[in-house]
Structure formats: C-alpha cells, structure tokens
Amino acid sequence: MERQMRSVRNTLLLGVVLGLAIGLGGYTFIYSKGYSYLTNNPAAGANCHVMRAQYDAWLKSSHRMAATCNDCHTPHNILGKYAVKANNGFWHSFYFTTGWYPDTIAITQFDHRITENACRRCHENITAAIDGNVVHGEAQGLVCTRCHASVGHSEAAASLPHTTLVGSNHE
C-alpha cells in the first residue's frame, strides 16, 4: 500500500512539474513570439528590443534586397540552420530574461565563422580570386568583415535616414 501511495505521489509530482514546464514554456513561447523565429522573416529579430538597431540597419543596407538574417547567420542546410537557431534562441532568451546581456551586442566567434562561410558561399567567385591573388598576399584566411564590417548592418547605418542606403551599392 505504501509503495502504491509513493508511486501515485511521484506520478502526481511529475505531472505538476511537467504541467508547469509546458505551461510556462508555452506561455513564454507565445508571449515572446517564439514561433516567428522558425520563419525566414527578418522582423522576427526585432521582437526583442535589443536587436532593433541591427534590424533597422539591415533595412538600410545593400544586402536587404539580397539576403535575410538566415542567409548570413545560419548554415545553408536544414539541420544546421535549425540547430544554430535553437542554440542562439536559447541563449538570447536566457540573457534577455536574466538581463545579463551587454549594452553592445556582439557576434560570437562560432556565429562569426558561420557568417564568414556565408560571405564566401555567396561571393565565391570574388573570394576565390582574392584568396589566390598575390597582391593580397595570398589572402587565404582573410576575414571578409575585416574590410566589410558595415555590410549587412552597422550602427552607423542604423542612424542614417532610410532613403540614404536603400538601393545603394555602397556596402
């Protein structure tokens, strides 16, 4: 009898814990519009006010017409894309919820490698020519954003009027 009571108590406790986790998780997912992060819509990044400057700058960039956030910030395969989105989403949620994020958002080394690979994938003809060019010191290993830091989105672009950069090829 005592064993049965313990089993019922443990089952009830497990049910309450799972119910709370699912309920709070579901509420948080809906409240934070987590479902929008499963799409390819760049506006999803602006759900969090911390990313507003990056989104506003992307709207004014030359890449706006050619690339979304996923094109530059996730691998170009379905498994890699959603693995990176899940990892980044977890940590973004954690830091946003706890308030433990820096005033200036910075890309991680891991995510920077993904972005570098995206640059090289989309601009393959150019990067192949640069990598093998003696003038560039046989530049293999050169990081695209070393010279092109403002491409995609920059704080400087975010402060410009919307008509200044849209449609320009200056980035």
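Here region 63-120 is treated as a sphere whose radius is the Kirkwood value from Cα pairs; by Stokes-Einstein at 10 °C and 1.306 mPa s it diffuses with a coefficient of 128 µm²/s. Under Stokes-Einstein, with the Kirkwood radius over Cα pairs as Rh, the value for region 1-148 at 10 °C and 1.306 mPa s is 85 µm²/s.
Site pair residue 5 and residue 50 shows an inter-label distance of 4.8 nm when each label is modelled 7 Å from Cα along Cα→Cβ. Across region 43-59, rounded Karplus estimates of 3J(HN,Hα) from the backbone phi angles (6.51 cos²θ - 1.76 cosθ + 1.60, θ = phi - 60°) give 4, 4, x, 8, 4, 9, 4, 5, 9, 4, 5, 5, 5, 4, 5, 4, 4 Hz, Gly and Pro being marked x.
Averaging the sequence gap over all C-alpha pairs within less than 8 Å and six or more residues apart, then dividing by the number of residues, gives region 16-75 a relative contact order of 25 percent.
Every number here is computed from the coordinates shown, using simple stated rules; none is lab data. Just so you know, these numbers come straight off a predicted model, no measurement behind them. As a convention, Cβ positions derive from the backbone with ideal geometry for all residues, glycine included, and neighbour counts pool all protein chains shown.
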